[in-house]
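So the structure is just underneath, and the comments pick up after that.
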Amino acid sequence: MKPFAAARSGELVARLEPAEAGILGLLLDQLEQLLTADTTDVGDDPVLGRLFPDGHRSDPELAADYRELTESSLRDAKADDLALVRASLPAEGGEVRLDADQAAAWLRTSNDLRLALGTRLDITEDTEPPEEVAGEEDQQLAVYYWLTAVQGSLVDALVAARSGRR
């Protein structure tokens, strides 16, 4: 991947390899399945619990009321972000050009993807990137750290754009 950079046009530009675009597309599909799943209790799935945390941990009744009021709009907002990311993702790899709204959607969606993957892999602050990618878990860890790098380059490009550096 060529990291995100601020262009003179004001857009943020990066380049994805075909395999990277494919992986990101697959992750978006999985996130979409999570967001559209017919779940009655978010607490049954730790990933959904991370994506839709309790509003009030100390009061289960208040937390349930809060969830009832907010979960639908949170799901809709995440789905809208996902659609913006998908629309700006070159399916076969190539240049990614983001305006401010798309960049914000990429940040939120990449965060959701990292939360989902990190929860599934039980990543903690002690988890280290794999030195060699030997098995499936190493591959998933490598994807998690790649997503972290994508998100980091986007944040760096946003900061550079706001400060007038190109």
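The values are calculated or read from the model by the stated rules, or taken from the named source; none is laboratory data. Everything numeric here is computed off the predicted structure, so don't read it as measured data. Here Cβ is always computed from backbone atoms with ideal geometry, including for glycine, and neighbour counts include all displayed protein chains. Heads up: the accessible areas ignore ligands, DNA and RNA and are worked out on the full protein's heavy atoms, side chains in. Shrake-Rupley method; radii C 1.70, N 1.55, O 1.52, S 1.80 Å.
In plain terms, the chain from R50 to S88 could stretch by 11.1 nm, reckoned as 0.36 nm per residue minus the Cα-Cα distance.
Take the chain and mark each of the GluC sites (Glu not before Pro) that is in a DSSP loop with at most 11 other Cβ atoms within 10 Å; the longest unmarked stretch, sites excluded, is 1-91. Placing +1 on the Cβ of every Lys and Arg and -1 on the Cβ of every Asp and Glu, with nothing else charged, gives the chain a dipole about its Cα centre of roughly 1140 debye.
Rounded to whole numbers, the Karplus 3J(HN,Hα) couplings from phi for the stretch 103-108 are 4, 4, 5, 4, 4, 5 Hz, using 6.51 cos²θ - 1.76 cosθ + 1.60 with θ = phi - 60°, and x at Gly and Pro. The mean accessible area for residues of the stretch 14-166, using a 1.4 Å probe and ignoring ligands and nucleic acids, is 60 Å² per residue. Dipole of the stretch 97-158 computed with +1 at Lys/Arg Cβ and -1 at Asp/Glu Cβ about the Cα centre; of P129, A142, W106, farthest Cα towards the positive end is W106. Ignoring any ligand, DNA or RNA, what whole percent of the accessible area of the chain comes from carbon and sulfur when the probe is 1.4 angstrom? Percent of accessible area from carbon and sulfur atoms in the chain: 49. Dipole magnitude for the stretch 60-128: computed about the Cα centre from +1 point charges on Lys and Arg Cβ and -1 point charges on Asp and Glu Cβ, it is near 220 debye.
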